[in-house]
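The values are calculated or read from the model by the stated rules, or taken from the named source; none is laboratory data. The shown structure was predicted, so the numbers you read here are calculated from the model rather than taken from an experiment. Note: ideal-geometry Cβ built from the backbone for every residue, glycine included; neighbour counts use all protein chains shown. Each accessible area value is taken on the protein alone, full model and side chains, heavy atoms only, with ligands, DNA and RNA left out. Shrake-Rupley method; radii C 1.70, N 1.55, O 1.52, S 1.80 Å.
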Amino acid sequence: MGQHSTATITGVTIPTPRTLVLGGARSGKSGYAEGLLAHESRVTYVATAAARPDDDEWQERVRLHQARRPAGWITEEDADLPALLAAAEGPVLVDCMSLWLTGVLDVCACWDDPTSLGKARDRYDELLTSWSATSARTVLVSSEVGWGVVPATVSGRLFRDELGRLNAALAAAADEVVLVVAGLPLRLK
């Protein structure tokens, strides 16, 4: 699992406030991110996945994620992420930004009308503003999907491109960026 990240300023070690953890499917990114905050007794865990009551495999994935969390952690679902980050006083872990993006693209109807991307990008800007301004220790998890085959569908390419844009913007605003590959963390920033 991960170590608690710190930065040293004039000899004083302080926690790194904003960490972005990237990785592919089953790379270990969520476990690594949870490890960064494992020493904290109370963490707000923001689960961004939409409910899928008819998908047993998805429900099992959610159950396994829930079982890993310490008892003192609070889970928030269906949260207004920019507002939550703006008001955060204690540590926050968001898992994951790719699922948050899917929800934003759904709400803004971008799948059927790519001209509505401006509305979605306004939401990204709100998120970036909140994340950049928060003093709360915050760990965001996001998928890295743009390294493989070009998606065959318009919606697949739209998602890949928008997630790449969002990840790049989050990384620019982060104090620390870690890429997890095959369970191994690689510090990028």
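Within segment 54-75, the set of residues being hydrophobic (A, V, I, L, M, F, W, C) and touching a Phe, Trp or Tyr at 6+ places or on another chain (Cβ under 9 Å) comprises Trp73, Ile74. Criterion first (surrounded by 20 or more Cβ atoms within 10 Å (Cβ to Cβ) and of a type in the set (Gly, Ala, Ser)) does Ser116 satisfy it? Considered against the rule, which asks whether it is surrounded by 20 or more Cβ atoms within 10 Å (Cβ to Cβ) and of a type in the set (Gly, Ala, Ser), Ser116 comes out as no. A residue that is buried (at least 18 other Cβ atoms within 10 Å of the Cβ), among the small types (Gly, Ala, Ser), in contact with a helix residue (DSSP H, G or I) (Cβ under 8 Å, 6 or more places away or on another chain) and not in a helix (DSSP H, G or I) can be found somewhere in segment 139-152. Does Ala136 meet the test of being at negative phi, of a type in the set (Gly, Ala, Ser) and either surrounded by 14 or more Cβ atoms within 10 Å (Cβ to Cβ) or within 16 Å of the chain's Cα centre (by Cα) (or both)? So Ala136 passes the test. Scanning segment 87-108 for residues that are open to solvent by less than 40 Å² (accessible area, probe 1.4 Å) and assigned to a helix (DSSP H, G or I) returns Met97, Ser98, Trp100, Leu101, Gly103, Val104, Leu105. Taking (1) in a loop (DSSP other than H, G, I, E, B); (2) open to solvent by less than 90 Å² (accessible area, probe 1.4 Å); (3) closer than 24 Å to Pro17 by Cβ in turn, Arg42 satisfies each apart from (2).
Looking only at segment 154-189, count how many residues are open to solvent by 60 Å² or more (accessible area, probe 1.4 Å) and assigned to a helix (DSSP H, G or I).
Matching residues across segment 154-189 total 6.
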